[in-house]
Amino acid sequence: MRTSAEHAVPAEVVPAAGSADGCSAGTDGSSAGSAGGSSAGSAGGSSGGRAGGRDRYLDLWRAAALVRVVTYHVLGWIWLTVLFPAMGLMFALAGSLMASSLDRTGRGAVGRRLRRLLPPLWGFGAVTVTLLLVTGWRTAPAAELGWGELVWWAFPARTPPVGGQSWAWAYNVVLWYIVTYLWLVLLSPALLAAFRRWPWHSLAVAVALPIAFRFNVVNVGGYFNEQATNVSTYLACWLLGFAHHDGLLRRIPARRYALAVALLAVTGAGWVLAVGWSTGNYDLNRVAGGNTLWSMAFVATVLRFRPRLDWLGRIRLLDRLVGLLNARAVTIYLWHLPLAVLAGALIAPLAVSGWVQVVTVRLAAVWLLVAVAVVLFGWIEDLAARRRPALLPARVSPRRHRTARTAPPSGQGAGAGVPEAATGTAPAAPAAPPTPTPTPTPTLPTLPPPLPTPPLPTPVSPTPVSPTPVSPTSASPTPASPTPVRPTASGGAARGWHRAMASTVAVLAVGLAVMALNLWPGVTTRSQVQSAAAEVTYHLSDLPMLLDGSSERPSPTPATGSTPGSVTVHGQVYPRAVLTAAPSRVRVQPPAGCERLRAVIDVGTDDVEVAFAVRADDVTVFESGVRSGVDSAEQIDVAIASASVVDLVTSSPSGGAVGVWADPQFVCVP
């Protein structure tokens, strides 16, 4: 569907979200903290979740989403996408903070968001483009603008191009999130105006749009088709962020809200299950339509709650880590995947065995390199935010914006539609003391006549009470607003509906993750009988191929340079083998409906080492690890989920090696 980081292994900038998403959540999150006492930011009025003007509940989710994105990209665990749809959450958090910025500064918020996003990207792009050019990027990008495509490194309205090196994909595959975030930011003034005028109609259109794209009811096509598809996929989550900021989600009765979320969750999970059952691939990023519904259910559940997080401040290390992840989310999101590829190359020679040890070493190596990148490049985020550059961001004091906590927990949001902790409501509490001063002035003229009579001092006490309801200012101290009464009126019933809603989403998430892991007792994740009857096989050697971005076919042997042909691997003859030099990449466009790639992989000579990988639409779906000539040939059967482009990648620590793809073939269902 998209060339997303999540597709790849991966958003969320955060930063989160998906992260990271994500990077965007990181840019938005940091601005909320610097807005001062008047920056109410996102909706939700529980002071227990705020520290230093920031919403720690949202900060915690942004940090978790960013960690999930990095883990998914490093380890390629598909089940994480359905257990924790981080990309949708990152877009929702960014949407909430974008609405807050628009309320504070109007359309100038768009420029501020771009100022926070683009400088870190420019720093990343300067290093990336320089590295690619120095290491041999000589062929113009295969797109309409040729070398002019480099403009997207300056203003990412499209995914910027990279070279044809076998590792270059790692530098732009996650940038789809940055591109999508940029488009949503640019559209936000119009989107927020439309949402506040027609909130439910806007959400309905946002839900229907990706489904229409999926079934070709709507098809943008053309140069920006990929961007239109990505925006449509996460637009509904972005609007849920608007609803969260405006307090709309909290004004819906608990029963109605829980039933709506349960409907979204069941429909979305059923859609993902149906696709996963038929294809064997539960990657949420490849389930158009179902991705939107399932992400919305998860996001709506998260944004409904506002627990107290006083305990977070008491755990200093965790509190500092959450703050650091939010303040450096853009840097982490941009650099984590290239550094994951580098970490893989560095730890390849190590004799690490055992599943737990491999996972621990890989994650530790990646996060160590990410920490180095944060120190080297994180200060760019400080410059973008007009803060003093620092190797590590300073910790925000929880006592800095104590006045912001006096804002009422909720409100009607007239005009701008900011119901909770809005910027205009915070000064309303200190405005109450002047109200007693006007009240005595109208009563003074009425007091002298009753003074001569002794019984009248007792009725004098009600007279000051009568002007109180007449004065419009005196009404402010009385929290008789119907909005805060609604949650308390529900009481235990509301809590019961909330528990049922959260339990439903959690059970479905765990169930989808178990199915993705193929751990459901007695159940397979694919209907083999139905798919086997309609299978059609296409040999890779019969399809047009590109080797490292050139128009030449890979040769079956390094010496002859002839077309793919017969090869003998450990005594077994394969008539349609493809041999490639390592490092190299063979790119092929399989016929429509191809779901699997089958081949036998082996090393051409005994004294070299080769690592094999398969990427479907720039998403790594298979990695062999380093193999040598002493290893026996390995048969692979890789799900590619109807990918439009498949890359067969070989790499070698020493170079000058040959990788053998013996009799590779695509299995398709027309």
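The values are calculated or read from the model by the stated rules, or taken from the named source; none is laboratory data. Source: prediction; values computed, not measured. We place every Cβ from the backbone using ideal geometry, glycine too, and count neighbours over all the protein chains shown. Remember, those area values only see protein heavy atoms, side chains included, never the ligands or the DNA or RNA. Shrake-Rupley method; radii C 1.70, N 1.55, O 1.52, S 1.80 Å.
Listing for the model above:
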{"item": "Selection count, the stretch 122-141, where residues are closer than 15 Å to Ser166 by Cβ and of a type in the set (Val, Ile, Thr)", "result": "2"}
{"item": "Among residues of the stretch 193-233, those that are of a type outside the set (A, V, I, L, M, F, W, C) and farther than 28 Å from Glu144 by Cβ, counted", "result": "5"}
{"item": "Criterion: of a type outside the set (A, V, I, L, M, F, W, C) and within 30 Å of Val626 (Cα to Cα) - qualifying residue of Arg286, Arg255", "result": "Arg286"}
{"item": "Residues of the stretch 212-224 satisfying the condition of being open to solvent by 50 Å² or more (accessible area, probe 1.4 Å) and in a helix (DSSP H, G or I)", "result": "Arg214"}
{"item": "Restricting the stretch 571-609 to residues that are in contact with a helix residue (DSSP H, G or I) (Cβ under 9 Å, 6 or more places away or on another chain) and of a type in the set (A, V, I, L, M, F, W, C), the residue that is nearest to Val658 (Cα to Cα)", "result": "Val578"}
{"item": "Answer from Val621, Val610 - the residue that is at pLDDT 75 or above and open to solvent by 30 Å² or more (accessible area, probe 1.4 Å)", "result": "Val621"}
{"item": "Candidates Leu303, Leu264, Leu273 - the one that is buried (at least 19 other Cβ atoms within 10 Å of the Cβ), touching a Gly at 6+ places or on another chain (Cβ under 9 Å) and either modelled with pLDDT under 95 or closer than 30 Å to Asn518 by Cα (or both)", "result": "Leu273"}
{"item": "Residue that is farthest from Tyr282 (Cα to Cα) [pool: residues in the stretch 628-647 that are open to solvent by less than 20 Å² (accessible area, probe 1.4 Å) and out of contact with any helix residue (DSSP H, G or I) (no Cβ under 8 Å at 6 or more places or on another chain)]", "result": "Gly629"}
{"item": "Residue list for the stretch 328-368, filter: open to solvent by 20 Å² or more (accessible area, probe 1.4 Å) and within 15 Å of Ala170 (Cα to Cα)", "result": "Trp335, Leu339, Val341, Leu342, Gly344, Ala345"}
{"item": "Any chance Ala65 is buried (at least 24 other Cβ atoms within 10 Å of the Cβ), over 14 Å from the mean Cα position of the chain (by Cα) and of a type in the set (A, V, I, L, M, F, W, C)", "result": "no"}
{"item": "The lone exception for Ala20 - which of (1) modelled with pLDDT of 95 or more; (2) hydrophobic (A, V, I, L, M, F, W, C); (3) under 15 Å from the mean Cα position of the chain (by Cα) it fails", "result": "(1)"}
{"item": "Filter result for the condition that a residue is open to solvent by 30 Å² or more (accessible area, probe 1.4 Å) and either in a helix (DSSP H, G or I) or not hydrophobic (A, V, I, L, M, F, W, C) (or both), over Gly95, Gly136", "result": "Gly136"}
{"item": "Cβ pairs under 7 Å, 6+ apart, first in the stretch 211-240 and over 16 Å from Asn285 (Cβ atoms), second basic (Lys, Arg)", "result": "Phe224/Arg158"}
{"item": "Selection count where residues are surrounded by 19 or more Cβ atoms within 10 Å (Cβ to Cβ) and within 22 Å of the chain's Cα centre (by Cα), scope the stretch 119-133", "result": "5"}
{"item": "Qualifying residue in the stretch 122-133 (condition: part of a loop (DSSP other than H, G, I, E, B) and of a type in the set (Gly, Ala, Ser))", "result": "no"}
